[in-house]
Each structure stands twice: as structure tokens, then as C-alpha cells.
Amino acid sequence: MTSIWAVARHMVSEAIRMKIAMFFICLLALLIFGLPFVARGDGTVSGAIQAFLVYSLSAVSLLMALLTLFMSRSLSDELVQRQIFFLMTKPLPRWQYVLGKWFGIVLFDALLLLLAGAGICGMAHYIAVSQPPRDALDRQKLTDQVFAARHQAAVELPTKLFERAARERYERRKEEGYYGSRGDVNEKEEIAKLRMEEEQSWRTVNPGGTREFLFQNVRCDRSADKTIQIRYKAMATNYPPDEIVRSYWLIGDPEKVQPYQMLRRDAHDRFHTFSVPAGTVAEDHTLRIYFLNYVLSADQQPILVDLDHPYEQVRPFVIRLEPTTPVEVMFGVGSFEGNLVRVLALILFKLMFLAALGLAASTVFSFPVAILVSLTVYVLAEFRGFIGESIQYLGAEGLEGMFQAGFGLILRVILFVIPNFPSFDAVNTFVDGRNVTLMWVLQGLGMLGVVQTGIVLLAACLMFHFREVSEVSI
Amino acid sequence: MIIPVVQTVGLTKLFKDFWRRAKVEAVKNLNLEIHRGEVFGLLGPNGSGKSTTIKMLLGLLYPTRGQIAVFGRAPTDVATKARIGFLPEESYLYRFLNARETLDYYGRLFHLPSHVRRERTERLLEMVGLKHEARRRLGEYSKGMARRIGLAQALINDPDFLILDEPTTGLDPIGTRQIKDLIRELGNRGKTILLSSHLLADVEDVCDRVSILYGGQQRQGGRVKELLRQTERTQIIAPRLAPETIERIRNVIRLEEEKDLIEVSSPAERLETIFLRIVHEAQVANVATSGARASGAMPDFLGPRDEGEALVDELVRAADRRVPEPGPVEVAEVPAAPTGPADDVLESLLAREPEPVRDGSEAEEEKPAPPAGPREAIEADRSVIDSLLSEPDKRSDHRD
């Protein structure tokens, strides 16, 4: 451990004095402390802060990733400039040297992330105090959705119902001779298609229709002054001329709590979030929400006339609730600062992998080649989801026999080692004021920080162990 | 059984091209043995395989064939490396660190406690004459200064085995002299030293044994004084003589040996000596310099001191504490001998048979010879005269 710590300390000391590190640090500082004066968002203070958070955290993630790869050149530099001759003639096992380098880079990254995080947090609060909120809604959004860490409860889709209905329809069609003598009907695919139709149908609320959503385990503070947020996106399938979707919401189980009702006029095909009293959640932590596709008259009678435009006949629209989770309920569970720390932790796990990757490449290649390899893997990791899907498609359709099996196996191994960065990117979640869960962070630590980083570090140690550090290629 | 510090058997190294095809055989079937306390010289022109051999001894390169043992273990063994100090042919140091940080870093890699690191760092900086420049980044150092730090880092762990690859490259004559003195003293303190160089004078000055490589193979090896001995010639050194005396000597040799004198000349002062004297005078006058200053004494942590401590110290500090003796030391010492006027000595010489030069090599076969070449040469020359002087009967007979 002494040697690892010595190398790590030296790495940090080197990184602090690297010109390229200075450049990145200055760039980061410029972005963090300059963005608040240019980021405007949607014109509200909450929008400006959210824009600042998105840009600054994305910049931190990208610049730190590049800086990490550049710092890992330290190993190839020491090979080229032959400081390695001094190091490898000391009682320093090679694996400890690689590990020390990695630890030093990660330590430096952590230090920078900490400073960047403090800067971002400070500047976000600075925007909040230096600019007055545009209106009451802006002020409430600032408290409830920006400087918040909200747990997100998604509605449970009745998937079993979809399955059963799809199967029944399939059997019925079969009995009715719908498929005729077609021998190419794949039962599994057909049922999956019918299941999708059932789900779409469930999401669709016809004029005058109602959809009920039940949320369980909504463990929020039910105090009178507390609120919960409801987030949804509605699409009118027959496009409304004013692009407005009108809806009526009844929130809270009338048998358990005093329900809260509201009429809404929201832009078509966009996410909307609104707050309702937390008292609408029942004591058993359940929340029932009714979505009605019609408007009510002043005496609570359903009519098809817009209240704001009483003389204008409103056409009935079919409303479809999107996307996967049609309605979400969110409530505060943590602090903005704690959430920021967890976002930064996920970024750090990504950097841990990149540090290992850069060092592994440096054990084999000289700087330009090593950085090229590392950047390629970094880009692959950023598009890992898309690439994985493409390869699955290739495996299913494009390749045959042994070649398919062998190639598929190789690709699967490569894909296992290459992390899926977007799945551990919590910036948007954080900016939306949603809680970055500890479980997510632990998954990131386990998968990115331990398994994938460990595999790459092991490879780096092995490659360096067998390498002649003074190798001459004629 | 005493395990040699270094033992190689059939050591061979092939360098390959990108396609792994063997291209150059840098070292061929090399058998070496270096024993404890020896100062061993690896000689050879550029490309003779010296550095490759050293790199294999250090585990920086892996042999293609053959075996290597350092302290009886594989060169890659961590425990072995803890006992080795290495100065590569160039000082590949971190330009962004200063001298103290550099030594501290390498000290950490040897797991030295912080107080030991601090103490050794200060002592070594003093020894290499860079204490006043310890806060400067190494990137600003001259080549010679970097070389001195390279040497200091090689000694931070008080190594049992010191490998010096071209140690005097880039050093001024003072530095070169100090390095040579240092090697001698370390040798005296029981350290084993492997010195690789193509500067033959350096090797001749300090090494006990040498191996001469060419084309990756050992061409010749053995004790330095045996390799250098010229048995077909005899050298006599005397105070300045009158031309008539020289003529008389010439005649005697002609008569007795039927040979002629090959050369009669006055010994010139060595340029190194003049240079060292000038620098010493400047240092005494406190002339400002940004380079290395006079080095301090060797730190005590570098092994125990032997009985010849005072003499060694005197030699090591010769360049700094007194004006160096001009020219060969023996010129000054001969008059001090209780032999009377020089002419008397010569008369005695003329009266006896020339004796073969006694170099004492037999006595030193038992243990590696610590003293350096010139010192031995001086002693050898003195021994010729002393042996002659110790025969008063013969001398008096001749006078009669």
C-alpha cells in the first residue's frame, strides 16, 4: 500500500502541474462561473438554473472525461521519457505502479469534481438569490422541482391484463379463422403485437372517458404545507387546432381523503408538471388519480365546451397518455446538495473506468495511439445502448452458423467490458429535480467502478507485467 | 557457499522487429560473475551490449536465453531491487519536481520512514553539492546537476549493489573526480559496484576487475592491474636530474642490459589538477555560481567505514579542502625518503640489477582490491625505490 500511495501522490502532484490539466481546470472554471450570466432557459429563474445545471454538469462530465484520458498518458510518457527506468529498478511491483497511477488519477478527478460540484452548487444558489422569480409558479417550481430531490412513483401498468387480453384476442382470431391457412404466423410475435395494441388502447382515453391510476407506496410528508408533483404528457390523436389538451383531474381517493380537483389546459405533446397538496395521499401511502377527458361546467356538469371560450364548440379529442409511464407522481425525499453529490459520484465512476482504460492503452501504445484507442472506446461507451441494439439485430438477421456464434460471443464479451455510460448518466434526472437513488449509485459503483474498471485494470496490470519496459523494436 | 552478487550464465538477448523476427543479437552467451565488495567495470564501445546487459540485470529487459541471478534471485524480484541502486546512462528525472521532492519520492518507493527520508535527502544533497539548489525544478538543472541528483537517488536506499551506467557523462572534471572518489569510497565500504563506461580512464582509475565487451560478447576480462601490466618495460621516477646524470644512466643501461632508454622526460602537471585548483580557488573566494558546489562528505548511512577512513576522506575531499598536489604525488614524496641526495639514489640504482616491479597482486588475490589504479601505481613505483633503498649494504658498497 505504501508504494501505491507514493505513486498516487506523485501522480496527483504531476497532474496539478500538467499544463493540459491547468487548461481544463481554467475552462471548467470559466464555464461554471460564466454560464450563470449567459444561461437564460425559458425566461424563468427556475429555467435559468436548470439550463445552467444541464450545461455545467454536462461540461464537467465531458471535460473531466477528456482530462482523465489525457492524464493517463503519464504512464506512456514515463515509458517514452524513461523515468520508468528509475521506477522499475525500485522495489515497486508493476501492478502496484499501475494501481498507484490509477488511484492518483481518480484522486485528482475526485478533488476536481468536488471543487466543480461546490462551484455549481454555489452558482445555482447565486442565480436563485440574484434574480427574482417571475411569478408564484416560478417560485414554487424553484422550491418543488429545482432545489429538490424528488422520488418518482410510476404508475403500475396492468401488464397481466394486457397479456390476458392479447392472448384471448389471439385465440379468438384463431378460432374465427382470421389467420386462415397462413403457416408463417408466429404465435409469440402475434401475441406481442396484440399486447402492444392493448396497452395503447389502455393509454387512450376517449372523449368522455376516464382513466384511473393507482400509486402505492407514496411515502411522502403529508403535512398541510407540503405538496407533491404530478407529471404527465398527453397527446391528442386528432390534432387540436389550438394545440391545447383540456383535461380534468381528480386527485385523491374520495373514500380516504378529501380529493383535489383541477381543470387543466396544457400544450399538446409536452411534459407538464403541476403541484397538488400532499394531503391527497392516503394514510396507507396510496394515491388514486382519475384522469377525465372532458371539461366540467361551473356546476360540475360535464360539457364539451371550453370554459374559457364558452361560445366555441370544442371538438372531442382522443387523448393518449405517453410515454412508458403515462403519469408520474413525485415527492421530495432528499436535498438538492445530496442529489448533486450522487450525480457527481456517478460521473466519478465513469472517470474511474476511463482512467483504467487510458492506463491500459498506455501500457501497450505510445501516447497518440493510446489516446486514440481510449477515445474510441469512450465514444462507443457513450453510444453503447444503440450499438448493443445494432449488434443484436446483426446477430439475429445478418450472420449465420458458426460465424454468427463466434462473432456474437466476441461482440458480447466486448460489449460487457464496454460500459453503457448513458445508463449511469444522472444529469437530466438531477436537473428535473428527481432523486438520484442510492441504489442507482451503488449499481454504478458495482458495474462501472468495480467490475468493468476492475477488468480493464487487471488487463492493464497483466500487459504491463509482461512488457519489457526498455523494449527496443528494430 | 558465497553467492555472487551477480551471476549470468549464457546470457543472450535478441532484439526483434515489429513482426517478432530476430534482428540484432545485442548480447551473446555472456557469463559474468561479480562478487561482493568488487568494483567491476563493464567496458566496450557503443553498441557492445553494456547497457543491454545492465537492463537485463535490472529486469528492465528479459533475456532471450540464459540465466541471471542477482543476490541469488531473479532480477525482477522486489526484494532484490530493494538492495540495488541504479544510475542510468541519462538522468531521466521528473522535470516538474525539485531535488528534495525527487529524493523523497524515490525514498518512499523504498518504504523509508519520513524522518529517514528527510535525513538522507539532506545528506545526499549535501554530498552531491546541490543543497543550495534543492528548491529549483529539475527542468532548470544543467545536465551535470541532473546527473548528480541521479546519483543521489541511486544512493537513497543505501544499496548493497550499485549499478552506474556511464556515471560521468555530462559531468565537469570536478564532478567526474567526485564520482570516481565516491566509487572508491563506496568500494572501501564494502559495496559492490558495477560500472559501465566507454571512458577507459574512469574505469582504469576505480575498477578492480573489468570485462571488455564487443559485439555483445566478452572479449577479455580480469583484474585491471593484470590487464594493464607491461612486463617488458620498467619505469623509474626520480627528482629532476642533470643531463650528465641521465647520460650516465643511459650508459649503464646500455652496458648492463644492452638496451637503450626509450624516453626521458619531465612529468607534466595534469590538466585535471590545474582545473581543480582553479575551481577550488574560486570557491574559496565565494564566486557566485548557479551550478553544483563543492560536495560534502559521504553520508554515514552508506555503509560502515573501514580503517582507512582518514586516508579516504582526505582523498575524497582533495578537490575541496586543499589545493591539489601538483602532478604525480611521488615526485613530492621521494625527497622525503631517508635516502640522501638524489645522486646517491641513482648511484645505488646504477650499482644493482633491475628488479621486476612488485605490485602485491598475489596478496590481494584473497580479497578484492579496494585501492584504485593510480594509487596502486604510485605504491608500485615507490616499492621499487624502497626495495632498492632497503639494501644499504649494496649501496654503501657501490659508494666505496
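Quick notes on this structure:
- Criterion (away from every other protein chain (no Cβ under 14 Å) and more than 30 Å from A:THR273 (Cα to Cα)) met by exactly one of A:PHE52, A:PHE70: A:PHE70
Listed here are the residues, each with its yes/no results for (1) open to solvent by 10 Å² or more (accessible area, probe 1.4 Å); (2) without any contact (Cβ under 8 Å) to a residue 24 or more places away in the chain; (3) among the β-branched types (Val, Ile, Thr).
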{"position": "A:GLY41", "(1), (2), (3)": "yes, yes, no"}
{"position": "A:SER46", "(1), (2), (3)": "no, no, no"}
{"position": "A:SER61", "(1), (2), (3)": "yes, no, no"}
{"position": "A:TYR97", "(1), (2), (3)": "no, no, no"}
{"position": "A:VAL106", "(1), (2), (3)": "yes, no, yes"}
{"position": "A:ILE120", "(1), (2), (3)": "no, no, yes"}
{"position": "A:ALA124", "(1), (2), (3)": "no, no, no"}
{"position": "A:ALA136", "(1), (2), (3)": "yes, yes, no"}
{"position": "A:GLN145", "(1), (2), (3)": "yes, no, no"}
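Each row is one residue, and each column tells you yes or no for (1) at pLDDT below 75; (2) not aromatic (Phe, Trp, Tyr).
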residue	(1), (2)
A:LEU394	yes, yes
A:PHE403	yes, no
A:LEU415	no, yes
A:PRO422	no, yes
A:ALA426	no, yes
A:ASP432	no, yes
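Conditions tested, residue by residue: (1) in a helix (DSSP H, G or I); (2) at pLDDT 95 or above; (3) within 11 Å of another protein chain (Cβ to nearest Cβ).
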{"position": "B:GLU119", "(1), (2), (3)": "yes, no, no"}
{"position": "B:LEU124", "(1), (2), (3)": "yes, no, no"}
{"position": "B:ARG135", "(1), (2), (3)": "no, no, no"}
{"position": "B:ASN157", "(1), (2), (3)": "no, no, yes"}
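- Within the stretch A:231-257, being within 13 Å of A:LEU321 (Cα to Cα) and of a type in the set (A, V, I, L, M, F, W, C) holds for A:ALA234, A:MET235, A:ALA236, A:VAL245.
- Test for A:VAL129: is it among the hydrophobic types (A, V, I, L, M, F, W, C) and surrounded by fewer than 22 Cβ atoms within 10 Å (Cβ to Cβ): yes
- Pairs where the first residue, in the stretch A:65-80, is assigned by TED's automatic domain parsing to the domain that holds A:GLY100 and the second is at pLDDT below 90 and part of a helix (DSSP H, G or I), C-beta under 6 Å, 6+ apart: A:PHE70/A:ILE20; A:ARG73/A:PHE367; A:SER76/A:PHE367
- Only one of B:GLY150, B:GLY144, B:GLY139 that is more than 12 Å from every other protein chain (Cβ to nearest Cβ) and not in a loop (DSSP other than H, G, I, E, B): B:GLY144
- Scope the stretch B:167-190; condition outside any helix (DSSP H, G or I) and of a type outside the set (A, V, I, L, M, F, W, C); matching residues: B:PRO167, B:THR168, B:THR169, B:GLY170, B:ASP172, B:ARG189, B:GLY190
- Condition met for B:ARG248 (outside the structural domain of B:PRO45 (by TED's automatic domain parsing), crowded, with 16+ Cβ neighbours inside 10 Å and not β-branched (Val, Ile, Thr)): yes
- Among (1) free of Cβ contacts under 8 Å to residues at least 60 places away in the same chain; (2) within 9 Å of chain A (Cβ to nearest Cβ), the one test that B:GLY66 misses: (2)
- Scanning the stretch B:197-229 for residues that are in a strand (DSSP E or B) and charged (D, E, K, R) yields a total of 3.
- Residues (facing chain A (nearest Cβ under 7 Å) and either acidic (Asp, Glu) or touching a residue at least 40 places away in the same chain (Cβ under 8 Å) (or both)) located in the stretch B:73-91: B:ALA82, B:ILE84, B:PHE86, B:PRO88
- Residue match in the stretch B:31-47 (condition: farther than 17 Å from B:THR192 by Cα, out of contact with any His (no Cβ under 9 Å at 6 or more places or on another chain) and assigned to a strand (DSSP E or B)): yes
The values are calculated or read from the model by the stated rules, or taken from the named source; none is laboratory data. A quick note: this is a predicted structure, and the numbers were derived from the prediction, not measured. Using ideal geometry, Cβ is built from the backbone for each residue, glycine included, and neighbour counts are taken over all protein chains shown. Note: areas computed on protein heavy atoms with side chains; ligands, DNA, RNA excluded. Shrake-Rupley method; radii C 1.70, N 1.55, O 1.52, S 1.80 Å.
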